[in-house]
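S.K.: Following this message is one structure expressed as structure tokens.
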Amino acid sequence: MSQTDHLKTDCSKCAALCCVVLAFDKSKDFAFDKNPGEPCRNLSGHDCSIHDRLKQDGFAGCVAYDCLGAGNRVVQEVFAGRSWRQDPRLIRLMMEAFSGMCEVHKRIDLLRAAETLQLDQQDDLTRQSFLARLEEHRWSGPELNEFEAGLALEIDLFLHGIGAYVPASFS
Ligand code: SF4
């Protein structure tokens, strides 16, 4: 595993991206509707003003959500700590980068989980190589935009292939 655990979410290094980027519908998990790219009305700066009472106030969906470190990585690595608060024109770019980084981090999570399978040497080397590329690379916005149509497909094919190693009782 690399020195920085990229899957560790650190909201203090983010710009509340999940509270801006993601949409939700009024339901048992969210008390009102929110459009994608619209800062949640419960935001105060980069903090949730109802953080200590999310469930009581009807936002169980926020408690359950974890970006797997994608938000803090985007803000620090792609935007050098800048925020849409200082420059609202960044919202669209941050939305795109956050979406791409979430896909990167989902693959990191799956490739790490595959460590528990009894992969042959070549497949394990391939697994480690993909992981290193996702974890050690310093991503740019354009690279994140291209991720799903490129490297993500290669990784998904590999993950599909190693599905044969999953014990029958888990498949
Ligand atoms: S309720 Fe709080 S945690 Fe949920 S989206 Fe709004 S600001 Fe973020």
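What follows draws every value from the coordinates through simple rules; no lab data is involved. This one's a predicted model, so the numbers in the text were calculated from it and none came from an experiment. Don't worry about glycine lacking a Cβ; one is built from the backbone with ideal geometry, like all the others, and counts go over all protein chains shown.
S.K.: Which far-off residues, 5 or more places away or on another chain, put their amide H under 5 Å from the one on H6, with H placed in the peptide plane?
M.R.: For H6, no residues qualify.
S.K.: With springs connecting C-alpha atoms under 10 Å apart, model the chain as a Gaussian network and identify which of F32, F98, F147 has the largest mean-square fluctuation.
M.R.: With Cα springs under 10 Å in the chain, the top fluctuation among F32, F98, F147 is at F32.
S.K.: Could you please rank K26, K13, placing first whichever residue has the fewest other Cβ atoms within 10 Å of its Cβ?
M.R.: Arranged by neighbour count, lowest to highest, K26, K13 become K26, K13.
S.K.: With a 10 Å cut-off between alpha carbons and a GNM built on the chain, which of D87, D109, D29 moves the most?
M.R.: Answer for the Gaussian network model of the chain: D87.
S.K.: Could you compute the net charge surrounding E154? Neighbours are other residues with a C-beta less than 15 Å from the C-beta of E154; K and R count +1, D and E count -1.
M.R.: So the environment of E154 carries a net charge of -2.
S.K.: I need the phi-derived Karplus couplings for segment 54-71: 6.51 cos²θ - 1.76 cosθ + 1.60, θ = phi - 60°, integer Hz, Gly and Pro marked x.
M.R.: 4, 5, 4, 8, x, 10, 4, x, 6, 5, 6, 7, 9, 7, 6, x, 5, x
S.K.: If you don't mind, another one. Only helical DSSP H runs with n ≥ 4 go in: add -39500 (n - 2.57) per run for the chain, normalise by residue count and round the 222 nm mean residue ellipticity to 500 deg cm²/dmol.
M.R.: For the chain, the value works out to -12500 deg cm²/dmol.
S.K.: Mind listing P(r) for segment 11-166? All alpha-carbon pairs, 10 Å bins, whole percents.
M.R.: Going out from 0 Å in 10 Å bins, segment 11-166 shows 10, 35, 29, 20, 6, 0 percent.
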